[in-house]
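Asker: Quick one: structure below, then a few questions.
The values are calculated or read from the model by the stated rules, or taken from the named source; none is laboratory data. Quick caveat: nothing in here was measured; it's all calculated off a predicted structure. FYI the Cβ positions are ideal-geometry reconstructions off the backbone, even for glycines, and counts take in every protein chain you see. The area values use the complete protein model at the heavy-atom level, side chains included, leaving out ligands, DNA and RNA. Shrake-Rupley method; radii C 1.70, N 1.55, O 1.52, S 1.80 Å.
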Amino acid sequence: AQSVTQLGSHVSVSEGALVLLRCNYSSSVPPYLFWYVQYPNQGLQLLLKYTSAATLVKGINGFEAEFKKSETSFHLTKPSAHMSDAAEYFCAVSGRASSGTYKYIFGTGTRLKVLA
Amino acid sequence: EPEVTQTPSHQVTQMGQEVILRCVPISNHLYFYWYRQILGQKVEFLVSFYNNEISEKSEIFDDQFSVERPDGSNFTLKIRSTKLEDSAMYFCASEGVLLSYTFGSGTRLTVV
């Protein structure tokens with residue numbers, strides 16, 4: 001069984017400040033981990049993914065995440081927040097099912113607010 | 001860049017009516033999925049589809065739901081008799097090589 005927990009349903013940061021969105025996972029198989037961003041009334045855009053290669057993953061828009069197996073974490077960071085980063089962020093975990101497919105289990109999301 | 005196309009973008013239907021949500025996956029992808037997101041909630045897996053059959057389905061995917069790939073290009077989700085609680089955003093996704101997952105932009109279903 002797999003699950004993800006996103007700590008903090010709402011996070012506010014000042015423009016230019018560090019962004020840290022937390023995600024912890026649980027998985028009985030080697031996990032693949034993802035961060036998606038969703039802007040209002042839009043679909044899901046992939047920010048980055050971990051697929052068992054490098055533990056520090058760099059994504060789009062200056063975001064990165066580090067896979068820490070010992071802490072079962074995959075936190076998302078960005079050194080300097082921009083107003084355009086305001087959105088909902090979803091962490092997701094996936095693992096290979098016996099069927100061969102990879103369903104995603106999403107967290108409940110973190111709404112990021114960027115203050116001017 | 002290849003896209004997953006979903007139509008319509010918004011559909012309003014009366015309770016008890018059948019709806020069909022349509023998706024055109026990326027052409028060389030082999031695995032297909034439907035997810036839904038009730039307003040303000042997380043995205044939930046509904047069903048995966050491979051080799052013209054359901055690979056896995058969630059508890060949400062009951063007898064009211066069905067999927068098919070009628071013509072080798074479209075991938076549809078049918079809800080036979082809609083309920084108010086079926087109101088949600090429905091996302092289609094397709095997957096090619098390992099975890100090259102692409103989501104469509106979604107269909108917002110409103111049941112009144």
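Asker: For the range A:93-110, enumerate the residues that are within 12 Å of the chain's Cα centre (by Cα), more than 8 Å from chain B (Cβ to nearest Cβ) and either open to solvent by 10 Å² or more (accessible area, probe 1.4 Å) or under 21 Å from A:LYS69 (Cβ atoms) (or both).
Answerer: A:VAL93
Asker: Let me ask something else about it. Identify, by number, the condition in (1) over 24 Å from A:LEU46 (Cα atoms); (2) surrounded by fewer than 16 Cβ atoms within 10 Å (Cβ to Cβ) that B:SER73 doesn't meet.
Answerer: (1) is the only condition that B:SER73 fails.
Asker: Checking A:LYS68 against (1) open to solvent by 30 Å² or more (accessible area, probe 1.4 Å); (2) closer than 30 Å to B:HIS10 by Cβ; (3) among the charged types (D, E, K, R), which test does it fail?
Answerer: For A:LYS68, the failing item is (2).
Asker: What are the pairs with Cβ atoms under 9 angstrom where one residue, in the range A:1-19, is assigned to a strand (DSSP E or B) and the other, located anywhere, is of a type in the set (Asp, Glu)? Sequence gap at least six, or different chains.
Answerer: Going by the 9 Å Cβ cut-off, the qualifying pairs are A:VAL13/A:ASP85; A:VAL19/A:ASP85.
Asker: Counting only residues that are part of a loop (DSSP other than H, G, I, E, B), facing chain A (nearest Cβ under 9 Å) and open to solvent by less than 60 Å² (accessible area, probe 1.4 Å), how many does the range B:30-63 have?
Answerer: 1
Residues are listed down the side, and each one gets a yes or a no for (1) farther than 23 Å from B:LYS42 by Cα; (2) in contact with a Leu (Cβ under 7 Å, 6 or more places away or on another chain); (3) touching a residue at least 12 places away in the same chain (Cβ under 8 Å); (4) of a type outside the set (A, V, I, L, M, F, W, C):
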| residue | (1), (2), (3), (4) |
| --- | --- |
| A:PRO31 | no, no, yes, yes |
| A:GLY43 | no, no, no, yes |
| A:ALA65 | no, yes, yes, no |
| A:TYR102 | no, yes, yes, yes |
| A:LYS113 | no, no, yes, yes |
| A:ALA116 | yes, no, yes, no |
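Asker: Out of the range B:77-102, which residues are out of contact with any strand residue (DSSP E or B) (no Cβ under 7 Å at 6 or more places or on another chain) and within 10 Å of chain A (Cβ to nearest Cβ)?
Answerer: Residues satisfying the conditions are B:LEU98, B:SER100.
Asker: I want to confirm something. Restricting to the range B:103-112 and keeping residues that are farther than 13 Å from B:LEU21 by Cα and more than 8 Å from chain A (Cβ to nearest Cβ), which single residue is least open to solvent (accessible area, probe 1.4 Å)? Spell out how you get there, then give the answer.
Answerer: Taking the range B:103-112 and keeping what is farther than 13 Å from B:LEU21 by Cα, we get B:103, B:111-112.
So of that shortlist, the ones also more than 8 Å from chain A (Cβ to nearest Cβ) come out as B:111-112.
Details: B:VAL111: 10, B:VAL112: 93 Å².
Applying the filter and picking the extreme gives B:VAL111.
Asker: Only one residue in B:SER66, B:SER94, B:SER81, B:SER27 is open to solvent by less than 80 Å² (accessible area, probe 1.4 Å) and part of a loop (DSSP other than H, G, I, E, B), so which one is that?
Answerer: Exactly one residue qualifies, and that residue is B:SER81.
Asker: Counting only residues that are within 12 Å of another protein chain (Cβ to nearest Cβ), aliphatic (A, V, I, L, M) and farther than 18 Å from A:PHE106 by Cα, how many does the range A:3-60 have?
Answerer: 1
Asker: Considering only the range B:24-38, state which residues are out of contact with any Ser or Thr (no Cβ under 7 Å at 6 or more places or on another chain) and at pLDDT 90 or above. Lay out the reasoning, then the answer.
Answerer: Filtering the range B:24-38 for residues out of contact with any Ser or Thr (no Cβ under 7 Å at 6 or more places or on another chain) gives B:27-28, B:30, B:34-38.
If the condition is that a residue be out of contact with any Ser or Thr (no Cβ under 7 Å at 6 or more places or on another chain) and at pLDDT 90 or above, then B:TRP34, B:TYR35, B:ARG36, B:GLN37, B:ILE38 are the ones that fit.
Asker: Taking only the range A:63-85 into account, find how many residues are under 17 Å from A:LEU7 (Cα atoms) and not charged (D, E, K, R).
Answerer: Count: 8.
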